[in-house]
Amino acid sequence: YEMLRSLVGSEMCIRDRYERDAKEIGRDSWYLSWALDSTQQERDKGKTVEVGRAYFETSKRRYTLLDAPGHKSYVPNMIGGAAQADVAILVISARRGEFETGFERGGQTREHAVLVKTAGVQRLIVVVNKMDDPSVGWDKERFDEIVSKLSPFLRASGFNPKTDVIFIPVSAFSGANLKEKSSDCAWYEGPPLLTYLDDLELGDRKMSASLKMPVSEKYADMGTYVVGKLESGKMKKGDALMLMPNKTTVEVLAIFNEVDEEVPAAVSGDNVRVKLKGVELDEVQAGFVLTDPKDPVHVVRRFEAQLAILEHRNIICAGYSAVMHAHSLNEEVNLTALLHYYDKKTGRKSRRGPQFAKKGMKIIALIETTAPVCLERFRDYAQLGRFTLRDEGKTVAIGKVTKLLSDDDVPNVGKLSIN
C-alpha cells in the first residue's frame with residue numbers, strides 16, 4: 001500500500017478507495033479485482049478484458065504479474081499474456097459447483113490449460129482457491145477430488161503432473177497459504193505459493209543468442225514506446241536494432257523496467273518498455289519483433305507446421321482458414337495443403353497427405369499467412385515457433401513450426417483433394 005500511495009500521490013489507502021468506488025456502483029464485492037482490472041469496461045462488467053500488469057518483489061526475486069482474462073470472449077488476449085510468462089498460475093475455485101462448471105466440456109479451465117502449454121509455459125501452479133468457503137471448509141477430500149480430476153487432463157495436455165505441476169490450496173481473500181503456511185490446512189505438506197515461486201528453478205534464458213523481443217503493446221508519450229519480453233539475447237541503451245517484418249532501423253533511446261525505472265540494459269526474460277527513435281507509432285503493430293540486425297528474426301509468408309487437431313465441428317481440408325496466435329501475433333492463415341499425417345499406432349509419418357483432418361489427428365500442413373510474419377522454427381526458438389489456430393471462438397489446433405519457406409520453395413504435396 002505504501003508503494004501504491006506513492007504512485008498515485010494520495011494519502012488515502014488504495015484499498016479503501018477501491019472499496020468506496022465499488023460501493024458507489026453497487027458492486028461491493030468486486031473491489032479487490034480493481035487492482036488489476038483498471039478500465040471502466042472491466043469494472044462495469046466484472047470481467048478481466050485486457051492483460052493487467054503488476055509487479056512485486058520478495059527477498060529473492062522480482063516478479064512481473066500478468067493477469068490474463070478468464071472469460072471465453074477474451075481468449076485471444078489471454079494467449080497474448082500467456083506467451084510472455086515463465087510460469088502459469090491456474091486459479092481454480094474449490095466452491096461446490098464452480099469447479100465443475102469451469103471443468104466440464106465447454107468450460108474455460110480446459111481450454112486455458114491447453115493454451116498455456118501451447119504458449120510455451122513449462123511449469124503450472126494450480127491454485128485451488130476459496131478453500132475457506134462454507135461449502136468447502138478446508139476439506140482435504142474436496143482438494144483431493146479436484147486434484148484427481150485435473151491431473152489426467154493436464155497430463156493429456158502435455159504437462160507431467162509429477163514434475164511440471166503443483167497443486168496449492170489457498171484462500172486469496174484471507175491470504176491463507178499465500179505467503180505463510182496456514183494452520184487451516186495442516187494436512188497440506190507442500191510449501192505456500194510465494195515460497196514455491198522463490199525456490200523454482202528456471203530454464204535456459206538464451207542470453208547468448210541474438211536479440212528477439214516480440215512487441216505486445218505500443219503507445220506514444222513524447223515518442224514511440226513498445227512493450228514486451230525479451231525471449232533471447234540482450235539490449236542496451238543506444239543499440240541500433242531492427243523492427244521486423246518491416247525492416248525498420250531503430251535506435252534504443254531508453255529502457256524502463258517493471259516499476260518504470262530507467263535501466264541501462266535488459267536481458268532475456270525481462271519485461272520492459274523501450275523508447276525507440278526512427279519509427280512512428282502507426283508503423284508498429286503487436287506481433288512485430290525487435291531484433292538484432294546482424295542476425296534478424298525470420299520473416300515468412302509460408303511455412304510447414306506440425307498440427308495437433310483438438311476440436312472442430314467439421315473436417316479440415318486444404319483451403320481451411322483460421323486465426324493464428326503466435327507469441328504476440330494474431331494473423332489470419334490458410335492451410336494450403338495437408339502434407340502428411342502421423343499413424344496413431346506406429347507414430348510414423350505418411351508419404352502422402354490425408355484428404356482431410358479431424359479431431360485427434362496429428363498432421364503436417366503447409367500454411368500461408370495474409371501478410372509477412374515473424375516466426376522461427378520450434379527447435380531453434382520454441383517461443384517464436386509455437387502457435388494455436390482458433391476459429392469460431394474455439395481453439396482448433398496447436399502447432400509447431402517445422403520448416404520456414406521462401407516464396408520460391410514449393411513442397412511436393414502429392415495427390416490432394418481440395419474441397
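The values are calculated or read from the model by the stated rules, or taken from the named source; none is laboratory data. Keep in mind the model is a prediction, meaning the values are calculated, not measured. When we count neighbours, we look across all protein chains shown, and the Cβ atoms used for this are built from the backbone with ideal geometry, even at glycine. Accessible surface is based on the protein model in full, side chains and every heavy atom, while ligands, DNA and RNA are left aside. Shrake-Rupley method; radii C 1.70, N 1.55, O 1.52, S 1.80 Å.
Data for the structure
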quantity: Residues satisfying the stated conditions in the stretch 78-111, i.e. within 25 Å of Arg205 (Cβ to Cβ) and open to solvent by less than 60 Å² (accessible area, probe 1.4 Å); calculated: Met78, Ile79, Gly80, Gly81, Ala82, Ala83, Gln84, Ala85, Val87, Ala88, Leu90
quantity: Residue among Ser174, Ser232 that alone is polar (S, T, N, Q) and touching a residue at least 60 places away in the same chain (Cβ under 8 Å); calculated: Ser232
quantity: Of the criteria (1) more than 27 Å from Ala326 (Cα to Cα); (2) under 23 Å from the mean Cα position of the chain (by Cα), which one Gly158 fails; calculated: (1)
quantity: Leading residue by the ranking (most open to solvent (accessible area, probe 1.4 Å)) among those in the stretch 208-225 that are closer than 17 Å to Leu241 by Cα and among the aliphatic types (A, V, I, L, M); calculated: Ala209
quantity: Residue in the stretch 170-191 that is surrounded by the most Cβ atoms within 10 Å (Cβ to Cβ), counting only those that are not in a loop (DSSP other than H, G, I, E, B) and not hydrophobic (A, V, I, L, M, F, W, C); calculated: Ser171
quantity: Counted residues, the stretch 192-207 - those being surrounded by 12 or more Cβ atoms within 10 Å (Cβ to Cβ), out of contact with any Asp or Glu (no Cβ under 7 Å at 6 or more places or on another chain) and not basic (Lys, Arg); calculated: 8
quantity: Matching residues, the stretch 136-169, being assigned to a helix (DSSP H, G or I) and either under 14 Å from Gly190 (Cβ atoms) or touching a residue at least 12 places away in the same chain (Cβ under 8 Å) (or both); calculated: Lys140, Arg142, Phe143, Asp144, Ile146, Val147, Lys149, Leu150, Ser151, Phe153, Leu154
quantity: Qualifying positions in the stretch 120-132 - in a loop (DSSP other than H, G, I, E, B), open to solvent by less than 20 Å² (accessible area, probe 1.4 Å) and over 26 Å from Glu231 (Cα atoms); calculated: Met131
quantity: Residue list for the stretch 347-382, restricted to those being out of contact with any Pro (no Cβ under 8 Å at 6 or more places or on another chain), under 21 Å from Glu331 (Cα atoms) and not small (Gly, Ala, Ser); calculated: Ile364, Ile367, Glu368, Thr369, Thr370, Leu375, Glu376, Arg377, Phe378, Tyr381
quantity: Cross-chain or 6+ apart pairs with Cβ under 7 Å, the stretch 314-335 first and at positive phi, then open to solvent by 20 Å² or more (accessible area, probe 1.4 Å) and part of a strand (DSSP E or B); calculated: Gly319/Asn334
